[in-house]
Every structure is written in C-alpha cells, then in structure tokens.
Amino acid sequence: MSQHREFLERFPNAKAAAEAFNTSTIAIGHWKTRGIPARFWPIGEVIAKKEGWPYTALTLSATRPMKVAA
C-alpha cells in the first residue's frame, strides 16, 4: 500500500479527508490510487503535523505512486 493511500485512510472517511484538503470526495478516491497531487503536499504536511502523523511534504514526494503507462 502506498504511503499516500495510508495517509488518506487515517481520516475517518473520505468526506473528512476532502474537508481537510478542501476538495471533493471523488478527488480523494482518485488520490488513493494516483497519489496526492504535489500542490496538496504542503497542506498534507500541516495536517500530519497537527494530527501527529509521520508524514511531511518530502515523504509524500519521495513515495508518490509511479504513473502507469497507458
């Protein structure tokens, strides 16, 4: 499981994650597979620090899922 998916699954549900990132629940579903977009990594770091989770923008960058060739 990717660290991005693990990060998102720490929230009680997709709605809570969507509210934290100020995005849609549909986007959260996509992020679980595709990874959190880079522009949201700083927000993720702030959330992680507030919650005491072991994630930073750097760890999200280093563990982003690889794109799958079509």
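Coordinate-derived values only; no laboratory data. The structure displayed is predicted, hence computed values, not measured ones. Cβ: placed from backbone, ideal geometry, glycine included. Neighbour counts: every protein chain shown.
Among 28-37, 48-57, how do they line up by average Cβ neighbours within 10 Å per residue, starting with the highest?
Values: 28-37: 18.6, 48-57: 13.1.
Highest mean packing first, the order is 28-37, 48-57.
With the contact rule set at Cα under 8 Å and sequence spacing of 6 or more, what percent relative contact order holds for segment 1-51?
Working: 29 pairs, mean separation 17.3, N = 51.
Over segment 1-51, the number comes to 34 percent.
Where the centroid of each part is defined by its Cα atoms, how far is segment 31-67 from segment 3-23 in Å?
Their Cα centres are 10 Å away from one another.
Checking the a/c ratio against 1.5 first, then a/b against b/c, what shape does the Cα gyration tensor give for the chain? Don't jump to the answer; show the numbers that get you there.
Values: a/c = 1.71, a/b = 1.17, b/c = 1.45.
Verdict is oblate for the chain.
Grab the DSSP H runs of the chain that are 4 residues or longer, score each as -39,500 (n - 2.57), total them, divide by all residues and round the 222 nm result to the nearest 500 deg cm²/dmol. Before the final figure, lay out each step's value.
Values: 5 runs with 41 residues, N = 70.
It comes out at -16000 deg cm²/dmol, rounded to the nearest 500.
Between Val46 and Arg10, what is the label-point separation in nm under the 7 Å Cα-to-beta-carbon projection?
The answer from the label model is 1.6 nm.
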